Amino acid sequence: MHDLLGDDVPEPPVPEGPGLFGDAPPAAPAAAYRVLARKYRPTIFDDLIGQDATVRILRSAFALNRIAHAFMLTGVRGVGKTTTARIIARALNCVGPDGSGGPTPDPCGVCDNCRAILADRHPDVVEMDAASRTGVDDVREIIEATRFRPMQARTKVFIIDEVHMLSRHAFNALLKTLEEPPPHVKFVFATTEIRKVPVTVLSRCQRFDLRRIPVSLLIAQFEKVALAEGITVEPEGLAAIARAADGSVRDGLSLLDQAIAQGDGLRVTAADVAGMLGMADRGLVFDIMEAVLAGRPADALAATDRAHVLGADFGAMLGDMLELTHTLSRLKMVPDLRGAAELPELERTRGAALADTLTIPVLGRAWQMLLKGVAEVEAAPDRRAAAEMVLIRLCHVADLPPPGELVRRLSGQPGNGAAGLVGLAGTAGLAGGGGGGARAVAAGGAMSAAPAEAPAAASLEQPVITPRLASFRDVVALVAAEREPLLHGHLLHSVHVVRFAPPVIELRPHADAPRDLASRLAAVLLGVTGTRWTIVVSAEAGEPTLAQQGNAADTLRRQVAADHPLVRAILDAFPGAHIEAVRDPGVDAYGLAAEDVSLGEPEMAEMVPPAEFDAE
Ligand SMILES: [Zn+2]
């Protein structure tokens, strides 16, 4: 038989309990230190903390002698599934101190069966770890064993841990036995993944969902254990261990073991625990948090240095800040928490004060940024640099308008400080790969963001009048409108304009352009305008092609959009968001602005009144 709980510390034949049952104290050698998780493993139902519903139902089942043939215990790791299974095995087989008792909700702990099961050496209580024995043969062994009567117990108990790991064939083999179990056999299954257990098996078991144990209960339990061990643990340290235990008594007791080993044998300080967990000192986490949320990067980085010197890991530090952000949000939403014992003293006082200075949207954004930041630190070659970048970004979190406001500002709706938009002339379509925040952006639709150069408050308001054939682009657009796709493609990609002076156009076609390109263009223009145009083929370099200009302008628009403070704020606020496209209502199909400021063309000089065409 082996222990399935994972605390595989080798130990000598296990002494049974700390001498609580009147048996002589074990004559173990001094070196036989027992890990706390094992030493304080519950042996009776009433010792199972945080599992009240399960305990109540099991107790009454045993009291009424209406005991299921098979139990299914489910819950996350460390909540006491296997421990519960063993208590069930004892409850089934206890014969009482006088050897005449039957199944009982209160196993005595002193009869031969109780003691043998406590010591993991009862021949009729068989534990199997389905994680390592998944096959049908393993199950057949068990099924074979069910055919024999128990050797010394009333009931053979088969405890199968991580039962969801069994193969399909193994489950099928088991099913037959579960359908008609011999009267002297009980099964106790444990699993962390109940959904992987076939319904056919589930339906033949009484199911118990073991809960994660709340922090407050863990704190109380660890305090009791420390007291029994004669060790004082500072309350902050107990709380830190309880939080790190994440609902598991076993994990928490392992941590307590380690903390005790680090202390002087009598006392464990909060700093000992923090050091052991790689946590920043709680006070320092508050220092950093207060600094970033007040927009003081220098203070934040200084506090980070101190935390690092004290042994805090950068990732753990951001994790602590993430947790603190959650706590602050809860403090805001649930004022009663300020008096809750579940919260450490520091959170109740300093945390409550900090929470009062913050808004939920700010906390929400801080959460998003930290969540992203934790992942960044894990991925970065330089954890310190990554962590510092996150903190610096966070320093601006309080300045950021809430996401809804960002969207409104970017879409230039009135009444929201549109003055900040002067100079904006593009449209940023932001596609979020991230969470709900990104969806909020998407819901906001296309947003006009924009380059800072154009004095575009005016251009946003005044309709832009595009004179006909005022530029080569207009000519190309006309060709497209005339359904000359091939010619249009060549004009777009293979032609450099040297001079545009209607009705004369000088251009340099690429070598791959058709030889009759000039004459075809002239023909189209004549057909549409009634004017004879002169197309001169030149050897001068000329402008970039329209396609090149369009690409360059698009790149520029993206850069300008990405550099815009509001867009940056959005990118920071919504992890995973990226600029998908920058749409500018002021640009034409070629991606170029109607008034092509970037090319430095005078606005009106090129405008040729249609009358001049008619005149010729
Ligand atoms: Zn007993």
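For Arg133, are the conditions met, namely being crowded, with 17+ Cβ neighbours inside 10 Å, modelled with pLDDT under 90 and either within 16 Å of the ligand (Cβ to nearest atom) or assigned to a loop (DSSP other than H, G, I, E, B) (or both)?
yes
From the list Ala259, Ala190, which one is among the aliphatic types (A, V, I, L, M), crowded, with 24+ Cβ neighbours inside 10 Å and in the same structural domain as Phe71 (by TED's automatic domain parsing)?
Ala190
Any idea which of Arg90, Arg149, Arg77, Arg133 is out of contact with any helix residue (DSSP H, G or I) (no Cβ under 9 Å at 6 or more places or on another chain) and among the basic types (Lys, Arg)?
Every option except Arg149 fails the conditions.
What single numbered condition from (1) at pLDDT 90 or above; (2) under 20 Å from the mean Cα position of the chain (by Cα); (3) exposed (fewer than 15 other Cβ atoms within 10 Å of the Cβ) fails to hold for Ile360?
Of (1) at pLDDT 90 or above; (2) under 20 Å from the mean Cα position of the chain (by Cα); (3) exposed (fewer than 15 other Cβ atoms within 10 Å of the Cβ), only one is false for Ile360: (1).
Arg140 versus (1) closer than 25 Å to Arg195 by Cα; (2) within 15 Å of the ligand (Cβ to nearest atom): which is the lone unmet condition?
Condition (2) is where Arg140 drops out.
If a residue has to be hydrophobic (A, V, I, L, M, F, W, C), modelled with pLDDT under 90, more than 26 Å from the chain's Cα centre (by Cα) and under 19 Å from Glu345 (Cα atoms) to count, how many in region 218-267 make the cut?
0
Of everything in region 91-105 that's more than 9 Å from the ligand (Cβ to nearest atom) and touching a residue at least 60 places away in the same chain (Cβ under 8 Å), which residue is surrounded by the fewest Cβ atoms within 10 Å (Cβ to Cβ)?
Pro105
Going residue by residue through region 69-79, is there one that turns out to be within 13 Å of the ligand (Cβ to nearest atom), of a type in the set (Gly, Ala, Ser) and modelled with pLDDT of 90 or more?
no
Every residue, every condition in (1) in contact with a helix residue (DSSP H, G or I) (Cβ under 8 Å, 6 or more places away or on another chain); (2) under 16 Å from Arg250 (Cβ atoms); (3) aliphatic (A, V, I, L, M), yes or no:
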position	(1), (2), (3)
Ser60	no, no, no
Leu73	yes, yes, yes
Lys81	no, yes, no
Pro107	yes, no, no
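Restricting attention to region 340-357, which residues are of a type outside the set (Lys, Arg) and at pLDDT below 85?
The answer is Ala340, Ala341, Glu342, Leu343, Pro344, Glu345, Leu346, Glu347, Thr349.
For region 187-242, what are the residues that are under 22 Å from Ile67 (Cα atoms) and either assigned to a helix (DSSP H, G or I) or of a type in the set (Asp, Glu) (or both)?
Ile194, Val199, Thr200, Val201, Leu202, Asp209
Could you say whether any residue in region 31-43 is in contact (Cβ under 8 Å) with a residue 12 or more places away in the chain, within 16 Å of the ligand (Cβ to nearest atom) and either more than 36 Å from the chain's Cα centre (by Cα) or part of a loop (DSSP other than H, G, I, E, B) (or both)?
yes
Residues checked against (1) under 21 Å from the mean Cα position of the chain (by Cα); (2) crowded, with 24+ Cβ neighbours inside 10 Å; (3) over 21 Å from Ala380 (Cβ atoms):
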residue: Gly283; (1), (2), (3): no, no, yes
residue: Asp287; (1), (2), (3): no, no, yes
residue: Leu293; (1), (2), (3): no, no, yes
residue: Pro297; (1), (2), (3): no, no, no
residue: Phe314; (1), (2), (3): yes, yes, no
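Output yes when any residue across region 171-190 is modelled with pLDDT of 90 or more, within 14 Å of the ligand (Cβ to nearest atom) and among the basic types (Lys, Arg), and no when none is.
no
Out of curiosity, is Ser254 of a type in the set (Ser, Thr, Tyr), within 23 Å of Met72 (Cβ to Cβ) and in contact (Cβ under 8 Å) with a residue 40 or more places away in the chain?
For Ser254, the condition - of a type in the set (Ser, Thr, Tyr), within 23 Å of Met72 (Cβ to Cβ) and in contact (Cβ under 8 Å) with a residue 40 or more places away in the chain - is not met.
Among the numbered criteria (1) modelled with pLDDT under 80; (2) within 20 Å of His490 (Cα to Cα); (3) not in a loop (DSSP other than H, G, I, E, B), which one does His578 miss?
His578 satisfies every listed condition except (2).
Tell me which of these Arg204 doesn't satisfy, since it passes every other one: (1) basic (Lys, Arg); (2) outside the structural domain of Ser254 (by TED's automatic domain parsing); (3) free of Cβ contacts under 8 Å to residues at least 40 places away in the same chain.
For Arg204, the failing item is (3).
Taking the stated definitions as given, is Leu337 within 20 Å of Ala239 (Cα to Cα), at pLDDT below 90 and assigned to a helix (DSSP H, G or I)?
Against the criterion (within 20 Å of Ala239 (Cα to Cα), at pLDDT below 90 and assigned to a helix (DSSP H, G or I)), Leu337 qualifies.
More than 13 Å from the ligand (Cβ to nearest atom) and outside any helix (DSSP H, G or I): does that describe Ala145?
Here the answer is no, as Ala145 does not meet what is asked.
The values are calculated or read from the model by the stated rules, or taken from the named source; none is laboratory data. Model, not experiment: these values are computed from the prediction. Please note: Cβ atoms are built from the backbone with ideal geometry, for glycine as well, and neighbour counts cover all protein chains shown.
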